[in-house]
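The next block holds one structure in the form of structure tokens; read it before the comments.
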Amino acid sequence: MGFFSRLLRVREQVRSSPEAAWNAEDNASELVLDAEYADHLAMEMEIDAGIALHENWRARLEDMVHGRSTEVMRPERVCQDHRCQLGRWLHGAGRARLGQHTAFGMLVARHKYFHQQAAAVVTLFQAGDLQQSQKVLKTSCRHASNQVVLLLKELKNHAGR
């Protein structure tokens, strides 16, 4: 089955149907998006957006510790995993749609741990301990971040099942 045949299914109009506007010259099929497949595509796009948002967060931290940014982050806010866009999705629509998957609980925990490590990076950086902030960023923070991305991809693979 091809991409478009999965995405769109052909629905023949029935002449007796009230929504059918039949003229002699208008004898065509209507292409409609299959609702279940559309929902699956929307979920995949939400997960892809979550991955991009998360990777942007990690890039902001890297820019900060390498002196490429003047952004001032507040560690007491950074540690709150439900404040970022991915966190709001995880605690809201994502939980409602994917919360039954085993990987989802692990994702929420890893995302929370990432934010704790990100806050530690910010705290160390602001205290002037550049070397230690870079170390935490390169080790525990990066590891947690990689796990968040892998778990999001795992959910994406299982979202349609």
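Being touching a residue at least 40 places away in the same chain (Cβ under 8 Å), surrounded by fewer than 20 Cβ atoms within 10 Å (Cβ to Cβ) and of a type in the set (A, V, I, L, M) narrows it down to one of 127, 103, so name that one.
The unique qualifying residue is 103.
Looking at the range 66-90, which of the residues that are surrounded by 16 or more Cβ atoms within 10 Å (Cβ to Cβ) and closer than 27 Å to residue 42 by Cβ is farthest from the chain's Cα centre (by Cα)?
81
One residue is enough: does the range 4-13 have a residue meeting the conditions at pLDDT 60 or above and loosely packed, with under 10 Cβ neighbours inside 10 Å?
No - not one qualifying residue is present in the range 4-13.
Scan (1) in a helix (DSSP H, G or I); (2) among the aliphatic types (A, V, I, L, M); (3) farther than 16 Å from residue 147 by Cβ for the single condition residue 72 breaks and write down its number.
All conditions are met except number (1).
Has the range 96-104 got at least one residue that is small (Gly, Ala, Ser), in a helix (DSSP H, G or I) and at pLDDT below 95?
yes
Report whether or not residue 116 is within 22 Å of residue 42 (Cα to Cα), open to solvent by 60 Å² or more (accessible area, probe 1.4 Å) and under 23 Å from the mean Cα position of the chain (by Cα).
no
Under 16 Å from the mean Cα position of the chain (by Cα) and in contact (Cβ under 8 Å) with a residue 60 or more places away in the chain - does that describe any residue in the range 56-65?
There is at least one residue in the range 56-65 that is under 16 Å from the mean Cα position of the chain (by Cα) and in contact (Cβ under 8 Å) with a residue 60 or more places away in the chain.
The values are calculated or read from the model by the stated rules, or taken from the named source; none is laboratory data. Please read all numbers here as calculations on a predicted model, not as lab measurements. When we count neighbours, we look across all protein chains shown, and the Cβ atoms used for this are built from the backbone with ideal geometry, even at glycine. These area figures cover heavy atoms from the full protein model, side chains too; ligands, DNA and RNA do not enter into them. Shrake-Rupley method; radii C 1.70, N 1.55, O 1.52, S 1.80 Å.
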